[in-house]
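What follows is a single structure, written as structure tokens, with notes after it.
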Amino acid sequence: MSSSFHQKSLDLLSEQLGSKGIHINSLISKIATFQIAVPSWALGAGGTRFGRFSIGGEPRNLEEKLEDIGLLAKLTKRTDAVSLHIPWDIPQDVQAIRQKAADLQISFDAMNSNTFQDYGQPLSYKMGSLSNADPAIRKQAVEHNLQVIEIGKSLGSKGLTVWLADGSNFPGQAHIRKALQWTTESLKEIYASLPADWKLLLEYKPYEPNFYHTVIPDWGTSALICRQLGDRAKVLVDLGHHLPNTNIEQIVATLMHQNLLAGFHFNDSKYGDDDLSTGSVKPYQLFLIFCELIGGAEENAQTWESISWMIDASHNTKDPLEDLIQALEAISQAYAKALLVDRKKLALCQNEGDVVGAQEVLQDAFLTDVRTLVCEARIQSGGEADPLAFYRKEKIRAKLIAQRGKGAQASGL
Ligand code: AFD
Ligand code: MN
Ligand code: MN
């Protein structure tokens, strides 16, 4: 888009929104300050158990992962933090990593523990980790989480995200009540070591890798556990961790109502934990989620600042950096559209039982083309007007392949 065309579109939008009493500058500054963390595992080509097709030039170590996120930050200005996964990303030299991140203007988002793989620790997680019937295995899993906290402290992170693969594959395999009890007790031990300025983000997921029962299958179970831990434990909503057609925006509203929403793992889904690019399948759902978030924050259910934002997606067939650029754009667009909702009018429609009117209010916002707005926010922050076009024009993937090698696969995964 030429810069004069951009200016014309912006003027038009400004006039259009101005007539509804919306000031474009306050919108732009909100969009510009909204930052979404990127996980270290999203930088390599994803895969399935059937195969993994490398894109080439993937980051071979933690330093190169930071470089990729630094690049995303520079182009999009929509991310400023990385979320690390232990043991995949154990820093060899903490000071050097801190310095590198600081140079790239990146901070360390929540740390992720891993008790879903056997990666060389003495005891096996085949029958579960924090929920295992064997106290020695539970202890090992708790200690791993404590080690993750220590690494996070050394890097300046402020959160621990726990996703548990624990559950059972067949009826009768596990004692469902005891598994929940052991998990809660293990998490209490971890929570006791959480620094005062940290939060614990507890994920849930209905199935996979266990297909009969999962110890923390849904937001309600996660919330029950968090309640038993303390104020700093909250529920993390990963958009892909729901059964098809679940009303996720309702979950968000309910959690905010209880001040129990830790944050998000953004992705999109057609069937299950597909980890598709955010906004590629259900952009309207994403918009409705942001409507609840904005409403919840405005009505003081929970502060905007208390919520963490992260992408958790995978991309079997795309260049991961291009995919992340698209995802950051889609999230910014959903947020921008939700900011356009005439909340006063919506409340009026709700009070008067005007169902048609309420839908009109939502769709009027959703159907507004906000691309110019999001682009302007990025330009004002010093980013590229069109990050994807820039990435392609500069042949960045080819440069990364030249630097790191055609066969370079992301480390750790
Ligand atoms: C898996 C889980 C979950 C988690 C991630 C990192 O499905 O989304 O956040 O691993 O541990 O993808
Ligand atoms: Mn997740
Ligand atoms: Mn997942």
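The values are calculated or read from the model by the stated rules, or taken from the named source; none is laboratory data. Fair warning: this is a prediction, and the values are worked out from it, not measured in the lab. When we count neighbours, we look across all protein chains shown, and the Cβ atoms used for this are built from the backbone with ideal geometry, even at glycine.
Listing for the model above:
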quantity: Residue count for the range 33-92, restricted to those that are within 22 Å of GLY405 (Cβ to Cβ) and in a helix (DSSP H, G or I); calculated: 14
quantity: Hey, ALA179 among the hydrophobic types (A, V, I, L, M, F, W, C), under 22 Å from GLN258 (Cβ atoms) and more than 16 Å from ligand 3 (Cβ to nearest atom) or not; calculated: no
quantity: TYR271 being within 16 Å of ligand 1 (Cβ to nearest atom) and either on the phi < 0 side of the Ramachandran plot or without any contact (Cβ under 8 Å) to a residue 24 or more places away in the chain (or both); calculated: yes
quantity: Residue check, ALA192 within 30 Å of ASP134 (Cβ to Cβ) and within 16 Å of ligand 3 (Cβ to nearest atom); calculated: no
quantity: Residue match in the range 98-111 (condition: within 21 Å of the chain's Cα centre (by Cα), in contact (Cβ under 8 Å) with a residue 24 or more places away in the chain and surrounded by fewer than 15 Cβ atoms within 10 Å (Cβ to Cβ)); calculated: yes
quantity: Within the range 222-242, tally of residues that are within 16 Å of ligand 2 (Cβ to nearest atom) and not basic (Lys, Arg); calculated: 9
quantity: Selection count where residues are crowded, with 17+ Cβ neighbours inside 10 Å and either at pLDDT below 95 or more than 16 Å from ligand 1 (Cβ to nearest atom) (or both), scope the range 295-312; calculated: 5
quantity: Among the residues listed as GLY128, GLY152, GLY167, the single one being within 16 Å of ligand 3 (Cβ to nearest atom) and surrounded by 18 or more Cβ atoms within 10 Å (Cβ to Cβ); calculated: GLY167
quantity: Those residues of the range 185-213 which are small (Gly, Ala, Ser) and outside any helix (DSSP H, G or I), in sequence order; calculated: SER193, ALA196
